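Novice: Below you will find the structure I want to go over with you.
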Amino acid sequence: MTDLQSATSPADVPAPAAPRSTASTTSGTKVVPKPRPRHLVRRGARHIVMILASLVMIYPLLWMVVSSLRPNEEIFRNPSLFPVSLDFSNYARGWESLAQPFSHYLINSTLLVLGCVIGNLIACSLTAYAFARLKFWGRNIAFAIMLMTLMLPIHVVIVPQYIIFSQTGWVNTMLPLILPKFLATDAFFVFLMVQFIRGIPRELDEAARIDGCGHFRIFFRVILPLMLPALATTTIFTFMWMWNDFFGSLIYLTSPDNFTVPLALKSFLDTQGSSDWGAMFAMSVVSLIPLFLVFLFGQRFLVKGFATTGIK
């Protein structure tokens, strides 16, 4: 009896193991280790740095919004984001202070953007299909030349283009800004769509060809519906670039009635007299609203377009 008690004494019984952090007590569940304090500190510091960097980058935008609500004499006197007094008259004065109401320039920019978007979608998609699916002599050379045009700055070609459009009588119209888009001059979007089409299985083309489809029917019935992410990416970037385009509009548009939004904003600044900074900042905020809306509703298509084009 004594031997039995000594064999089963509490001192000899092993202590139960400390419980580990698990997602569940069932068998086969993966053990989830508790985060170490060092990792928590590192993660917190990383988030703090990212928040501070975001505030630095967004400060000019916030300052512009706040300055649109300040009187002109206070705009450059107070760099903080907390205005002493609010002046909502900047928006009313900026809307009516130019030769035309500011809505006139918004409509001009909208027409310009719509023409450029339609041109890029039609021309770039057809050109990309030809490079990605058709086999013709000199295809690789033509594709390489097209990619080389990405390295050409616009200032190199602006003089011969201006001479051509001046001789055709198209200066002071939107045709010099819209027509090149229908000729697939934006090589970036062509390359983007080529990469996307190359990711579409060729078996779909072969199945459509067995059904009697030619290249145009294959493009419109098979390829084009699958290119929605790439088309959305092209639409968003074209909208943003052409809505903010100042140089091209400055070169070709000379009449104030044809001014776009960037040229209208420049009209608020007077190099010889006083500049209405409050009205300019107010209309700048108004002009940013379409950009925010387009990016807000098209962000998921933009991310999906870049994720599926094979650009690395």
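A short reminder: the numbers here are calculations on the coordinates, not readings from a lab. Not measured: the values here are computed from a predicted model. Please note: Cβ atoms are built from the backbone with ideal geometry, for glycine as well, and neighbour counts cover all protein chains shown.
Novice: Can you compute the modelled spin-label distance between I163 and T110, with each label point 7 Å from Cα toward Cβ, in nm?
Specialist: 3.9 nm
Novice: Would you mind ranking C124, C213 by Cβ crowding within 10 Å, fewest neighbours first?
Specialist: On the way: C124 28, C213 16.
Final ranking by Cβ density, sparse to dense: C213, C124.
Novice: Got a sec to turn the phi values of segment 136-147 into Karplus ³J(HN,Hα) couplings, 6.51 cos²θ - 1.76 cosθ + 1.60 with θ = phi - 60°, whole Hz, x for Gly and Pro?
Specialist: Each residue of segment 136-147 in turn: 9, 5, x, 5, 5, 5, 5, 5, 5, 5, 4, 5 Hz.
Novice: Continuing with this model, one more query. For the pair H47 and I141, how long in nm is the line joining their label points, each one 7 Å along Cα→Cβ?
Specialist: The two pseudo-label positions are separated by 5.9 nm.
Novice: Which order results if W95, W137, W277 are arranged by neighbouring Cβ count within 10 Å, fewest first?
Specialist: W137, W95, W277
Novice: Given H placed on each backbone N at 1.01 Å, which residues far from F268 in sequence or on other chains put an amide H within less than 5 Å of it?
Specialist: Amide H neighbours of F268: none.
Novice: What residues of segment 235-260 lie in the reach of a label at N172, counting those whose backbone N is under 13 Å from a point 7 Å from the Cα along Cα→Cβ?
Specialist: Zone members listed by number: 252-259.
Novice: Along the Cα-to-Cβ line of I154, 7 Å from the Cα, sits a label point; which residues in segment 109-137 have backbone N less than 17 Å from it?
Specialist: Only 109-120 pass the distance filter.
Novice: Whole-Hz ³J(HN,Hα) for each residue in segment 69-80, computed from phi via Karplus 6.51 cos²θ - 1.76 cosθ + 1.60 with θ = phi - 60°, x for glycine and proline: what do you get?
Specialist: 10, 10, x, 4, 6, 9, 4, 8, 8, 10, x, 7
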